[in-house]
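The values are calculated or read from the model by the stated rules, or taken from the named source; none is laboratory data. Not measured: the values here are computed from a predicted model. Virtual Cβ from ideal backbone geometry, glycine too; neighbours counted across all protein chains shown.
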Amino acid sequence: MAWGGPTWPSFEKTQGRLEEWGRRHPKIMRLDVLGKSAQGRPLLAARLTDPAAPEEQKEHALITAQHSGVERSATTGVLYLMDWLLSDDPSAREILRRQAVVCMPVVNPDGYVADTHVNTQKLDPYTAWTLRGPKEPAKQPEAVAVQRMMDEYQPEVHADYHGHNMAFDGYCHVENSGASYSNLALRSYRHEIIRLMDQAALEEGYPSDEAENDAERIPWGPELEAMRERLWHGRPRVYAAVYCYYRYHTLPLAGEVAWERSGFLRHRRLLRIGNETWPGEFYPGYPTRVIMKNCFHMVTPYGQTAAARRRSRVELWNKQRQISHGINNPQTEGLMLYAVATSPDATKKWIPENSLKGFLTRIGGHAGVNAEAIRRVMEGHPDGPGQWGAQANLYLEGGGAKDEEAAPDVFAPTPGTAWPALRPAVPAGLGGKNTIEHGLSLRLRIPYCKARLTDLRLNGHPIPASETDGYLTWVARGYTYVQINIPPQRTKAEELFIVTCQYDPAEKRTQGLGW
């Protein structure tokens, strides 16, 4: 078999195509120059969205490619996707109506031209990162440009294309939707999304490497080092995508793209997920809304719009060290208690020890809590041993951080850099204080899909049905979900929230074999 010559387009041709698209589609595409590489090439980012649709309702997606200069098929893969997004396809139009999609198809233009992994300063814009941002930012403007888009958009999802260098026609490698071969430990926390993307490619005959699934290996950990040859060889490290996850709870996705059509099929499916309602969620959008979780319940963002949920998500994600949450133990059919303290002081004052009886007694001194109503609800709770204690208790997780540790300054610029001009003002409520500025939601999961609520209270007071200051309920994945929405005016003034929920499971499940 004869292989042909190089198939990659020149950087100048790629830049020209982006500029041409910007001229042809000025209403839905804006091309920004975020800086220049060491050799003077522009660092480009294209924002695609429908300006007629309200910005507050839009999810944010960031798509990057070619951090490593040799991975040119990643660049052509993103260009193929952009060409479709700019088309008249109704599905593409609907995505741009409900999302802002930022595409950076050539992150490392000097490496693209030179066919090197690194930039001219011998730094890899993909791996040379810390949790605060790029290492030696003055030497890698490419990574600083990526950080700028992450900080500006705080995206719900970040998809990073990888690939091969297109050195000859017929270059072949194995693709996947969930990992790059340079970063095998970074996996999406929503594995079902990977499966859906793989399935979209398979429908046209493109197979996928399923990483540790195909290798039949469990993940590595420090205590397992002695058996490292029997473990999946991915090792946790800080990459660009980890920074975005750490700062904003962004859903990270990396994938290998050998053929543009395959990459398009995978990432079209991903973008469509941003318009769908994920199983277990009430609002449409990417599933990035669980901040803290125990075996039953969750702390989730507050808001009726994508922008409001984003503000709440980012704040809660970065203040979770100060939040404690606990459930009644043992857990009981028909009765739930979920307590959340949003500051270390509230935890110390109201939940200094985890005895359920002690907690119910102590909250009698809280002026905003109808402690007697809570005690009446809980009086039938068994006092025997549960899974985590000899007596009924409040099983607590999280919390206890000192003020200076509770809310890391996620908006402080990396040392040696200044904020870029396009970056918006620092959102309120992230200055290191305990106050929750943007509200929060408490999500109960009742493990009965036909359950009927009989009594629902917040701090001992009945809760109305409301998206803004009350509860929502829906059924998904076999659960009856009950979400209590607590608006900003309350979270600014209060630091303790106690939900009690009585329900009829509407079915009887048996336990014990009767032997």
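Residues that are of a type outside the set (K, R) and farther than 20 Å from V475 by Cα number at least 3 in the following strands (runs of 3 or more DSSP E) confined to the range 281-356: 324-329, 335-341. What about H162, is it surrounded by fewer than 19 Cβ atoms within 10 Å (Cβ to Cβ) and outside any helix (DSSP H, G or I)? No; evaluated as a whole, the condition is false for this residue. Among the residues of the range 183-205, those identified as in a loop (DSSP other than H, G, I, E, B) and either of a type outside the set (S, T, Y) or buried (at least 18 other Cβ atoms within 10 Å of the Cβ) (or both) are L184, A185, L186, R187, S188, R190, E203, E204, G205. Please work out if M149 is in contact (Cβ under 8 Å) with a residue 60 or more places away in the chain and in a loop (DSSP other than H, G, I, E, B). Criteria not met by M149. For the criterion of being without any contact (Cβ under 8 Å) to a residue 40 or more places away in the chain and assigned to a loop (DSSP other than H, G, I, E, B), W232 fails.
Listed by position, the strands (runs of 3 or more DSSP E) enclosed by the range 414-510 that each have at least 3 residues that are surrounded by fewer than 16 Cβ atoms within 10 Å (Cβ to Cβ) and at pLDDT 95 or above are 452-458, 470-476.
Residue-wise test of (1) more than 27 Å from the chain's Cα centre (by Cα); (2) modelled with pLDDT under 75; (3) surrounded by fewer than 16 Cβ atoms within 10 Å (Cβ to Cβ).
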site: N354; (1), (2), (3): yes, no, no
site: A367; (1), (2), (3): yes, no, yes
site: N370; (1), (2), (3): yes, no, no
site: E379; (1), (2), (3): yes, no, yes
site: W388; (1), (2), (3): yes, yes, yes
site: A392; (1), (2), (3): yes, no, no
site: P408; (1), (2), (3): no, yes, no
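Taken over the range 283-300, residues that are buried (at least 18 other Cβ atoms within 10 Å of the Cβ) and farther than 18 Å from Q154 by Cβ amount to 4.
Taking the conditions exactly as written (surrounded by 13 or more Cβ atoms within 10 Å (Cβ to Cβ), out of contact with any Phe, Trp or Tyr (no Cβ under 9 Å at 6 or more places or on another chain), over 20 Å from D89 (Cα atoms) and without any contact (Cβ under 8 Å) to a residue 40 or more places away in the chain), does E19 satisfy them or not?
Yes, satisfied.
Note on the range 29-43: among residues that are in contact with a helix residue (DSSP H, G or I) (Cβ under 6 Å, 6 or more places away or on another chain) and closer than 16 Å to C103 by Cα, the one that is surrounded by the fewest Cβ atoms within 10 Å (Cβ to Cβ) is G35.
Checked against the criteria, A211 does not count as in contact with a His (Cβ under 7 Å, 6 or more places away or on another chain), assigned by TED's automatic domain parsing to the domain that holds A114 and among the small types (G, A, S).
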